[in-house]
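The structure appears right after this line, and notes come after that.
Nothing in this text is a laboratory measurement; each read-out follows from the coordinates by a stated rule. Just so it is clear, the structure is predicted and the values come from calculations on it, not from any experiment. Heads up, the Cβs are rebuilt from the backbone with ideal geometry, glycines too, and the neighbour counts pull from every protein chain shown.
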């Protein structure tokens, strides 16, 4: 009678703990690693020949927005295609609990512009069998999952639930409201929330509500943040995830709570939203000094290239500029009318500067955007040319070219940003810094123009294999064990006897990115931009293979990770 369910044979093991690599066998039983050593084939029901392949812990992605998608895509793709076996949801203060039944439509609209997912898609894809945060976690728990899931308590829906969205955007909470919100956070932490999250970008925020106004947390008062930090102090656990914010206040939250912070984001230029919080060296220095002061701060680093393919039908990363918001809010017909308005168009043209890297979301000016796809015959002549080339040829302003071509296509013209140049000496400094974690995939958000869920593949193939920014032992520690530790995961992110068998087997030499593609696989006929990979042999979650040679097995062995464990 075989002892093990599965045997991974003769693989090069990188255990995620920076142990020097070695060749060995891994015996898996009842979802856990039962033995690492030399094991006979006859001792297992199934043998996976991993000779000449890397065997490593599954990747831990601490910045996703799969709060809705988990219900219709159990494997949280595209991230699941790239070896991710555990994801954190509820980031940036965004989520869907607590939400009263009467507020569901408004909650989905709040996320529509940010995530580039239609509200009707969310409505069709989510069961909405909850109102409270504990009920939401119970719903995630009973939903079949192809990855493990842990969740922050997002502050945006919590504050909306207690104060109402309009009041929450206008003023601090009063004493009674603050007491109720803290009680809800406490309850959420008791049932398994891993901390709280908030985006704090102020009036100039780029990730906005569907109506163009800032999100609730962008405008929240300091005393409310402090009150939430005091809840974590009372609990004695939890991670604070913050996008932006004042650095002095951020450290104060860590000091008050006694808990660590995962701060977003440090990048060589800007993050995927086009945001920068200062020079990356200054941010790395802040991480060092904060930790020396006893304030535990992890810096989430952007380690993948910010490349975009977008249409003006659903693009929101120009939203820091009021003139661009005036053009791109509303329905398709309303947007077209805005773009045809000479005053509104003129305001955007006044902003144009050929040397201006717009919001950091593009590596060059608008004139360098390439026209990739069109939907009407009259625009076919422009395919493959940049906006600047068309403008020069026709003697027109680049903004007029961009908007007129888009209008003719009912805003479905596909614009492609030029390739990003990554300075590897600087990336090495960023990626190897002791307080940085790679990732920031934004999986589940910006679904029509961003594929950052590919980051583990790009990290291993481009940064490590092609440019030797670090060794594989360090890379797998960063991608798995270090990230798991930061989130408070107690038994994942590494390969060890007794640990859950979240394992990836891959061919190092064959590991590469596929070309981006458009998939029409979301509810209500919605589409998304996706990007797969080659080189992954098997991905295992809790001992069960979820992907084999790039194909999904249909298995859903994922667990809800309450308090950092299943």
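Listing for the model above:
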{"item": "Modelled FRET efficiency - R0 45 Å, residue 234 with residue 109, Cβ distances, 0.05 increments", "result": "0.85"}
{"item": "DSSP-defined antiparallel bridges as percent of all bridges, the chain, nearest 5", "result": "50 percent"}
{"item": "Cα gyration tensor shape for the range 309-416, rounded if a/c is under 1.5, else prolate or oblate", "result": "rounded"}
{"item": "Cα centroid of the range 126-169 to Cα centroid of the range 75-106, whole Å", "result": "8 Å"}
{"item": "Additional length obtainable on full extension of the chain from residue 394 to residue 45, 0.36 nm per residue less Cα span", "result": "118.8 nm"}
{"item": "Ranking of 446, 367 by count of other Cβ atoms within 10 Å, fewest first", "result": "367, 446"}
{"item": "Burial ordering of 351, 299, fewest other beta-carbon atoms within 10 Å first", "result": "351, 299"}
{"item": "Helix axis angle, 104-115 relative to the chain longest principal axis, alpha carbon, degrees", "result": "90 degrees"}
{"item": "Nearest-0.05 FRET efficiency for residue 521 and residue 222, computed from C-beta distance (R0 60 Å)", "result": "0.90"}
{"item": "Value at 222 nm in deg cm²/dmol, rounded to 500, when DSSP H runs of n ≥ 4 in the chain each add -39,500 (n - 2.57)", "result": "-8000 deg cm²/dmol"}
{"item": "Potential extension, residue 341-residue 180 segment - 0.36 nm per residue separation minus Cα distance", "result": "53.3 nm"}
{"item": "Cα-based helix-to-principal-axis angle, 342-351 vs the chain, degrees rounded to 10", "result": "60 degrees"}
{"item": "Principal-axis tilt of helix 175-190 within the chain, Cα atoms, nearest 10 degrees", "result": "40 degrees"}
{"item": "Percent of Cα-Cα distances greater than 21 Å, calculated over the range 190-345", "result": "54 percent"}
{"item": "Label-point gap, in nm, between residue 407 and residue 534 - each point 7 angstrom along Cα→Cβ", "result": "4.4 nm"}
{"item": "Centre separation in Å (Cα based) which lies between the range 424-467 and the range 203-240", "result": "26 Å"}
{"item": "Residue 187 versus residue 466: modelled label distance in nm, points set 7 Å from Cα along the beta carbon direction", "result": "5.0 nm"}
{"item": "Contour minus Cα-Cα distance for residue 142 and residue 293 (0.36 nm per residue)", "result": "50.1 nm"}
{"item": "Kirkwood Rh, Cα atoms: Rg over Rh of the chain", "result": "0.97"}
{"item": "Burial ordering of 62, 268, 369, fewest other beta-carbon atoms within 10 Å first", "result": "268, 369, 62"}
{"item": "Area projected by the alpha carbon convex hull of the range 386-466, averaged over all directions, nm²", "result": "7.9 nm²"}
{"item": "Approximate spin-label separation residue 429-residue 323, in nm, with each point projected 7 Å along Cα-to-Cβ", "result": "3.4 nm"}
{"item": "Efficiency of FRET from Cβ geometry, residue 52 and residue 385, R₀ 45 Å, rounded to 0.05", "result": "0.50"}
{"item": "Share of pairwise Cα separations in the range 197-274, more than 14 Å, in percent", "result": "62 percent"}
{"item": "Descending Cα extents along the principal axes, the range 26-78, whole Å", "result": "44, 22, 16"}
